[in-house]
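Structure first, then comments.
The values are calculated or read from the model by the stated rules, or taken from the named source; none is laboratory data. Remember, it's a predicted structure, so these values are computed and weren't measured experimentally. Counting neighbours? That spans all protein chains shown, and the Cβs are built from the backbone with ideal geometry, glycine included. Ligands, DNA and RNA are stripped out before the accessible areas are found, and what is left, the full protein with its side chains, is counted by its heavy atoms. Shrake-Rupley method; radii C 1.70, N 1.55, O 1.52, S 1.80 Å.
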Amino acid sequence: MAAETPVRTLIAPAEMNRRTGRFLHRFVLTATLTGFTVAFVLPLYWMASGAVKSSSELADPNPTLFPESWHPESYTEAWTNVGLGHFFLNTLVLALGAWLTQLLVDVSAAYALSKLRPVLGNVVLGMMLATLMLPVSALLVPTYLAVVDVPLLHVNLINTPFAIWLPAAANAFNIFILKRFFDQIPAELLDSARIDGAGTLRVLVSVVLPLSRPVLAVVSIFAVVGVWKDFLWPMLVLPDEAKQPITVALNRLSEFMPANQLLAGMVMASIPLLVLFLIFQRHIIAGLTAGSLKG
Amino acid sequence: MSLQPLSAEAEKATDEDGPPSGPVPRTGARAGASRLRRAVRENLVAHLFLAAGVLCFALFSWYPIVRGVLLGFQQVTFAEPARWVGLDNFRRLFDDPLFPTAWQNTGYFTLLALVFGFAAPFATAVVLNELRRGRAYLRMTVYLPVMLPPVVTMLLWRQFYDPGPGLFNNVLETFRLPAQQWLESENLAMVSLVLVSTWANMGTTTLIYLAALGGIPGELYEAAELDGASIRQRLWHVTIPQMRFILMITLLLQVIGTMQVFVEPFVLTGGGPDDATVTVLLLLYRYAFVYNDFGLASAMSTLLFVVLGLFSVVYLRLTRSKG
């Protein structure tokens, strides 16, 4: 951030510019910088560097900051021999599918509720938002049973990716923030597109969606991150070990894997999310505060 | 794709009905009929767009909510249809000696998580808000753990907690402090879980607080300063009252979130040692997916829902009154 903040905060600029103030500021700054680095960055470094240490070095009671000997092969071993690459790709499929399903289902629902305004639309919206008030875990068992035997259709979704994708699409938070964003798009814009001969779907695709890039980014990121991080639900609905995502596989295999390969697997499971965060930091933080302050 | 012609027709109808300067004047009755037809058609299109969402909610949210409550009063096996058993499940719940243990443990976890998880992000946010440099870096680092999959966090900390070559005991040893049985001691196990949990989650709360701190008008601090208020007094009389609403909200969300703790005990302790970390959700998981007793598990869900529902009602009241 910029060196000088124009906004007045708890401590007055004058107090900050006094000699003791400057000294204290520098002291606190150094302390937080080192403290945060040790607390939040070092564990990640420890994970990534531990993966390239030899097993004997890892088991040594005196930990080393830098690997004494370099063993990057634990990454390839974890990827191929243990088959973590396979589980990684499973996660990728689950996350991308959930992302697409959520966008498709939630964007069209929000568009209908915001711009097409069907009869009873507000009742539906209210019923959707009401689900936000329910703790997820209270629904664990009945949702599981609904996946085992989908009501009316009587199909069993266990061990299929639909067991992840479809329940994820029933996301009231997505619909809520999408609808709120669509509400801000002026009706005149949609009307003029309609006068030009655009149909309902065409208006959505060529007017609403291009204007909604920021909110689509937020929804997309949260969709991918949510599925990527999930553990309990995929463990329940994907009992077939070959179909499990990397989080479930890592926990299952953690007892049997050599420590350096386990660490390598943990790095693999984390890297996509960390990269996503570094690229879309602003969107993620914006979505976070939007969701909680006004939720 | 099939929506296009439908809406195109709706378009024509709009044009025909348009401004009174239209070339063909219509009789009142015919205009009314076509308006009705147009309204029906537009509603049909709107409902088509809404259909997938409603279907997903109906199958995987609304129906399970109703079923979940009913299940608590039923005996469920996959072999035969569900059978009504009245309050039997609840009676069996209360007879389980682990039931009170699980609630106590969960309450203890929530309490500890509030002590750590409430103070740490607030203090962090207040300090970060005063710093003139490095804020972007600090904001990023505190949020890094939030981006890790919880399982990875737990597996990582399991290695840190390791009583043998674990990092934590190494650090303690460096300072000539006694090594600890982090996850193996009945007294320390829950504290260890709360430590991981706080580390993993404090980024979110910190960023929410930072956003709220940025919204406090500077004039309030200036006025307080003119009145001779010290920094501590300004914190107490300006910052905290201005943050009261957001503090209440995060407090409630945190209670609701931590009451549902699962991954921490599941991966790190499995409920041990000696059931010291069996939480409500861990017990619920065992009922449903180890013993396949879905009725018993649903009775537990219902109780959890009632308890958390109370907090939700307070939360709703608060957000409503704020507009």
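The number of residues in region B:264-311 that are surrounded by fewer than 23 Cβ atoms within 10 Å (Cβ to Cβ), of a type in the set (D, E, K, R) and in contact with a Leu (Cβ under 8 Å, 6 or more places away or on another chain) comes to 1. Scanning region A:76-98 finds one or more residues that are outside any loop (DSSP other than H, G, I, E, B), under 30 Å from A:LEU190 (Cβ atoms) and open to solvent by less than 80 Å² (accessible area, probe 1.4 Å).
Residues of region B:107-121 being open to solvent by 20 Å² or more (accessible area, probe 1.4 Å) and touching a Ser or Thr at 6+ places or on another chain (Cβ under 8 Å), which ones?
Initially, region B:107-121 is screened for residues open to solvent by 20 Å² or more (accessible area, probe 1.4 Å), giving B:107-108, B:111-112, B:114-116, B:118-120.
Within region B:107-121, B:LEU114, B:PHE116, B:PHE118, B:ALA120 meet the criteria.
Residues that are farther than 26 Å from A:THR76 by Cβ number at least 3 in the following helices (runs of 4 or more DSSP H) confined to region A:178-295: A:187-195, A:200-203, A:213-229, A:232-237, A:259-293. For region A:17-38, taking the residues that are of a type in the set (A, V, I, L, M, F, W, C) and surrounded by fewer than 16 Cβ atoms within 10 Å (Cβ to Cβ), the one that is farthest from the other protein chains (Cβ to nearest Cβ) is identified as A:PHE23.
Here is the figure for region A:114-139: residues that are open to solvent by less than 40 Å² (accessible area, probe 1.4 Å), closer than 21 Å to A:ALA223 by Cα and facing another protein chain (nearest Cβ under 7 Å) total 6.
On the stretch given as region A:124-168, residues that are touching a Leu at 6+ places or on another chain (Cβ under 8 Å), among the hydrophobic types (A, V, I, L, M, F, W, C) and part of a helix (DSSP H, G or I) total 14. Here is the figure for region B:206-223: residues that are buried (at least 21 other Cβ atoms within 10 Å of the Cβ) and either within 9 Å of chain A (Cβ to nearest Cβ) or more than 20 Å from B:LEU253 (Cβ to Cβ) (or both) total 6. Scanning region A:49-62 for residues that are in contact (Cβ under 8 Å) with a residue 12 or more places away in the chain and either facing chain B (nearest Cβ under 8 Å) or of a type in the set (Gly, Ala, Ser) (or both) turns up A:SER49, A:GLY50, A:ALA51, A:SER54, A:SER55, A:LEU58, A:ALA59. For region B:285-308, the set of residues classified as assigned to a helix (DSSP H, G or I) and not hydrophobic (A, V, I, L, M, F, W, C) consists of B:TYR285, B:ARG286, B:TYR287, B:GLY295, B:SER298, B:SER301, B:THR302, listed by residue number. Kindly indicate the residue of region B:106-132 that is in contact with a Leu (Cβ under 8 Å, 6 or more places away or on another chain) and aromatic (Phe, Trp, Tyr) and also nearest to B:TYR209 (Cα to Cα) among those meeting that condition. Applying the filter and picking the extreme gives B:PHE122.
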